[in-house]
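Read the figures in this text as sums done on the coordinates, not as results from a lab. These numbers come from a predicted model, not from an experiment. Glycine gets a Cβ as well: all are built from the backbone with ideal geometry, and neighbour counts include every protein chain shown.
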Amino acid sequence: MKLSRGFFAVVYAWLSLVVMCVAGPASAQPPSPAPSSAPSSTTTPTTSTPASLAISTMFSPLDVPQRKTMGLLQRNFLEMAGGDEGELEVALVIDGTNSMSAELAGVRGSIDRMLEDLRRFRKGQVRASIVVYRDYGSPSGEVSIVLPTFTADKATIDKAVESLQPESGEPFFHELPDVGLHTAITQLPWSDSPDVVKWVMLFADAPPYSVTFRDAKFPGAHRRFTNELLVSLARKRGIQINCILCTSSDDNVQPYQQVVDQTREFMSELASQSSGVMLDLSYPAIQTALIEAGKRPEIQYAKLAPINEFDLAAARRADSPVAATDDGSAAAPTNVSIAVVPHEPIEGIRFDPDRSSVQVATAIRHRFARLPGVRVVSTVDIQRQLRRLRAEGMTETQAIRGLAGRLRADYVVWGSVVPQTQQVQTAAYRRRDGEAVIQVAFDGDYGQVANVILTAASKDPSRDPVLTRLANLAIGSASKAMLQSPIAETAATSSELLAALESLEQSLAFAGDSDESIQLLKTAEASARAAVEAEPRNPLGHWLLSNVAFNQAMRDYQRGALDEAKARMAQMKSSLRRAYRDRAAIQATSLVEEIAGDHALLVDRNVEDAISHYKQLIDLAMPSASQLRGHWMLAGIYAGDWGVPDAFADLDQSRRHVIEILANWPDSPEGQQLKQWLRWDDASGRTEHDYLPTIHVQMSKWDEV
């Protein structure tokens, strides 16, 4: 399973692309909702400037970037904000000069959201005060304490924020941030209690005057307070100084660029020496990322009770996950992890979805994923580790064993496809000794290779008892039909389906708005559409089209293209109906339940039936991937996501399913996403943020005409 993620960690869809199937074609898992919903909400500010967008995202786990970019420090703001039991006093010190006109309007529209996000993070009360500074000679004076007390009253804060208006004095372009900071530190009524956390947040686009600047025309235009003094005063009062380097108005580009290094140095020193953090909005890459984040629609949240390591320990299974065959006839080995590598020489492996060597691996991987007790390693993880191993100059034998170790895979399946003949030669290599415990050759439908491997394992128990036991259970149970069923009626259609599967899975490893993701989704759509044109009743083809349409809809939705998103959602439901129509041909009980659950939730809007189907998935007799999916879907439904009626919301139940994922699938994409949203702290063994963000509530209200 892979998460399709935007730059600010937008969840598009969870897909467990598992070829299962049928007396004919196979199927892949559908789009899954994110666990989230709804008591409280925030909206994107109407004035979208870099500063306003930064304020709107810096304390939101949903928006934290997946990768660090120079100057992009929202992650540090989250780490600074979370988990503290004490109350918080935050003084907003704002540059009120004309060069900040646009940013000031954005700040006005975003402060409420920032404070709301902070209140979700903090256990204690959050109180704010506001100080505005200007130039020497400004009509309203050099500095104004707009909100002279620390208050949590929203109406009082809103009234003070609305009064902020830009004005300027002289000379141009340096200003008086040192005066604003000194006023905030020394004149605001800070609490004397050491249990109260105290912040200053400075918003500015220009530096203070240099210590040597003097101009007889403007006698008050000089540096009043040194960095050393400001830091010393802040430390004595236990105040952290946090700085946001804003952009300037369009007509000030040249003077802004001339002094931005001075502004950056001034802010960096204040923040670092007072244990604060700094966000530099002068970098174009950061501005672009923030603008994209600002296009997101309204976000809502569901509040869960805190989760800690004791909760996980109570839910953690001794042999997680304990599994049995689809028909419940016998227990299968647990925690068997398998990595399937494209079948070509290690030094030249490519992951192009239309390559035979890749399609063999795709077919094997997704069949194994439907076996009870088996976990498969994702293509992207394999690709990442292979790149590192090749860079280290390892031989093929060393690389395969090293790959098993780094991926924590019990077995690595790897081999070759003979040119022209398309004959597959493959082997299962054991991690502990690198031995090829199973070696087979096969000429035919690639979807049959997994069955050939397990059949060979069952006939030679001396080679590897764990793999043999798994093989005996698989080929003697309901899984046998799944392993033996072709995924399509012809080799050509099978190839299209495997290419679509691989393209879709790879697309989910990239940012949703990236060129790579967009192109891979187009490839997946084209291949799946070719498959259903050749075989109109192939459920796998329709299931893949459903997945592609959902991911494309989420990308459109997150960038604000609602008409396009609605059209994609209509396509998704149409394809889902067709996959559901032919579900009777599917051999695997787990996949039947998944399709039925998704159809009930997304098409019929029958939440009760959907819950019933997803509960079947979490039975320990189901494959590991199906159990994970069931817990994920139930966590979302009980949190109120997808616009389910209030009668079905049960935050205690949602929390229980979240705990199951964190306890038993901590390294899965779902587990990693939950850790990000809830700000799981490994050191303390607890969550620092108790809110799940809603992703799909608005989309669930769209009905195609």
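Tell me, in nm to one decimal, what length is gained between residue 423 and residue 303 on full extension, where the rule is 0.36 nm per residue of separation less the Cα-Cα distance? Don't skip to the answer; put the middle values down first.
Values: separation 120, 0.36 × 120 = 43.20 nm, distance 5.48 nm.
Length gained between residue 423 and residue 303: 37.7 nm.
Pairs 522/573; 159/217; 522/566: which exceed 26 Å Cα-Cα? Don't skip to the end; give the middle numbers.
Working: 522/573 18 Å; 159/217 37 Å; 522/566 18 Å.
Table pairs above 26 Å Cα-Cα are 159/217.
Quick one: Cα centre-to-centre distance for the range 426-450 and the range 410-425, in angstrom?
8 Å
Dividing the Cα radius of gyration by the Kirkwood radius, what Rg/Rh value follows for the range 336-476?
Working: Rg = 13.9 Å, Rh = 14.9 Å.
Checking Rg against Rh, the ratio lands at 0.93.
With each label point set 7 Å from Cα along the Cα-Cβ vector, what nm distance links residue 162 and residue 466?
Each label point lies 7 Å from its Cα, and together they span 6.6 nm.
Please list, ordered by chain and number, the residues whose modelled amide H lies under 5 Å from the amide H of residue 274; skip anything fewer than 5 residues away on the same chain.
Amide H to amide H, under 5 Å and 5 or more residues apart or across chains, residue 274 pairs with 241.
How many angstrom separate the Cα center of the range 599-664 from the Cα center of the range 93-147?
42 Å
Can you tell me the convex hull volume per residue for the range 556-705, based on C-alpha atoms, in Å³ to the nearest whole number? If you can, show how the numbers build up before the last one.
Values: hull volume 18.1 nm³, N = 150.
Hull volume over Cα atoms, normalised by residue count, gives 121 Å³.
Check each of the GluC sites (Glu not before Pro) in the range 611-705 and keep only those in coil by DSSP with at most 13 other C-beta atoms within 10 angstrom; list them in order. List each step's numbers first, then the result.
Working: sites: 660, 670, 688, 704; in loops: 688, 704.
Of the GluC sites (Glu not before Pro), the ones in loops of the range 611-705 whose Cβ has at most 13 other Cβ atoms within 10 Å are 704.
With a 10 Å Cβ neighbour count serving as the proxy for reagent exposure, in which order, fewest first, do 603, 253, 107 appear? Please report the intermediate quantities before stating the final value.
On the way: 603 14, 253 11, 107 27.
If I rank by nearby Cβ atoms, fewest first, I get 253, 603, 107.
I'd like to compare 238-246, 650-658: which one has the highest average count of other Cβ atoms within 10 Å, and what's the full order after that?
On the way: 238-246: 25.1, 650-658: 19.1.
Put in order of decreasing packing, that is 238-246, 650-658.
If you rank 114, 394 by fewest surrounding Cβ atoms within 10 Å, what's the result?
Values: 114 26, 394 18.
So the residues, fewest neighbours to most, are 394, 114.
How large is ³J(HN,Hα), in whole Hz, for each residue of the range 366-383 in order, when computed from phi with the Karplus curve 6.51 cos²θ - 1.76 cosθ + 1.60 and θ = phi - 60°, using x for Gly and Pro?
7, 6, 4, 5, 8, 8, x, x, 10, 10, 10, 8, 6, 4, 5, 5, 5, 4
Take 87, 175 and order them by how many other Cβ atoms sit within 10 Å, fewest up front.
Numbers: 87 19, 175 30.
So the residues, fewest neighbours to most, are 87, 175.
Can you pull the one-decimal nm distance between simple spin-label points at residue 564 and residue 215, each 7 Å off the Cα toward Cβ?
4.8 nm
Compute the relative contact order of the range 598-705 as a whole-number percentage, counting only Cα pairs closer than 8 Å that sit 6 or more residues apart in sequence.
Normalised by residue count, the contact order of the range 598-705 is 19 percent.
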